[in-house]
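A.B. asks: The structure is given below, and queries will be raised subsequently.
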């Protein structure tokens, strides 16, 4: 059977401020309408507790099965599981983002090498997300580190070495970067996205495809996802573990379904990321009351 999964999805931005509006069934329904079997919910910092909030929203629903880092929604036959998008840096200089999943304990931000070491200590999978993407020059990087990839901040040869050491397990086709938005067109992100695809193919690396969704329209319709060939039967509780093991072993059938996201939504979510980054510079943290 095929397991279809969007590994890199942040969920709707509005649930950060109005979490009561969203629960496991809402998100599972959106995933099922896309034909997905599983959806990775990406948290973006140590204080980002969106997956914990999702668990709390479903804990009193007897029709939902809540585990440590995953939620099974039988009504839609969809597994929701926690992932982490981690921003790495060294001496204040961004080293790019990686997506980590399969780890039981959250990984604290650090240098790229430190984060990869911590991920591998927990046998977690690591994906180089929007790997070639980056904005402006060194004077502005501290304001735009939210959209810096590891191959932009480091030499591609260094990143390839991490692949060869099995410290990074896959590259990503990013549906948000592929969309024909005003923002993307202005800085050529679709070309940078293609560079990640070409890099994976040239070096015979696993390539995944994800939406990087931050709003409902990016999560709906004919969007990017990754298809994994799994043994039949396979229980729902084994989906995330099977996906993780697939990326750690050569020869498995991993097929990226590369489809761009909706245009204007990307402009909206880039503006949101930059606004939150700027606000954090003056001490505002939108996550501080997240679990209250």
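Read-outs throughout are calculated quantities, based only on the coordinates presented, and are distinct from any laboratory measurement. What you are looking at is a predicted structure, and each value in this text was computed from that prediction instead of being measured. Ideal geometry is used to build each Cβ from the backbone, glycine not excepted, and the neighbour counts take in all protein chains shown.
A.B. asks: So for the stretch 2-281, averaging the separation of alpha carbon pairs under 8 Å that are six or more residues apart and normalising by length, what relative contact order in percent results? Mind dumping the intermediate values first?
C.D. replies: Details: 604 pairs, mean separation 56.8, N = 280.
Relative contact order comes out at 20 percent.
A.B. asks: Which order do peptides 150-157, 97-104, 185-192 fall in by mean Cβ count within 10 Å, highest first?
C.D. replies: Details: 150-157: 18.9, 97-104: 22.2, 185-192: 15.4.
Averaged packing, sorted descending, gives the order 97-104, 150-157, 185-192.
A.B. asks: Ranking 29, 4 by Cβ neighbours within 10 Å, fewest first, what do you get?
C.D. replies: Values: 29 13, 4 17.
Neighbour counts put them in this order, fewest first: 29, 4.
A.B. asks: Under a plain spin-label model, where a point goes 7 Å from the Cα along Cα-to-Cβ, how far apart in nm are residue 121 and residue 59?
C.D. replies: Between residue 121 and residue 59, the label points sit 2.8 nm apart.
A.B. asks: Let a ≥ b ≥ c be the square roots of the eigenvalues of the Cα gyration tensor of the stretch 2-281; is it rounded (a/c under 1.5), or, if not, prolate (a/b larger than b/c) or oblate? Don't skip to the end; give the middle numbers.
C.D. replies: Numbers: a/c = 1.42, a/b = 1.22, b/c = 1.17.
Note, shape of the stretch 2-281 comes out rounded.
A.B. asks: Checking the a/c ratio against 1.5 first, then a/b against b/c, what shape does the Cα gyration tensor give for the stretch 150-189?
C.D. replies: Values: a/c = 5.47, a/b = 2.24, b/c = 2.44.
Oblate, because a/c is 1.5 or more while a/b does not exceed b/c.
A.B. asks: Order by neighbour count: 47, 83, fewest other Cβ atoms within 10 Å first, most last. Numbers along the way, then the final one.
C.D. replies: Values: 47 13, 83 27.
Ranked by crowding around the Cβ, least crowded first: 47, 83.
A.B. asks: Quick one: grab the alpha carbon gyration tensor of the stretch 70-190, order the square roots of its eigenvalues as a ≥ b ≥ c, and give me rounded if a/c is under 1.5, else prolate or oblate depending on whether a/b is larger than b/c.
C.D. replies: Working: a/c = 1.89, a/b = 1.21, b/c = 1.56.
Here the stretch 70-190 falls in the oblate category.
A.B. asks: Please give the peptides 245-252, 89-96 ranked by average Cβ packing (other Cβ atoms within 10 Å per residue), highest first, as a rough proxy for protection. Before the final figure, lay out each step's value.
C.D. replies: Working: 245-252: 14.1, 89-96: 16.8.
In descending order of packing, they fall as 89-96, 245-252.
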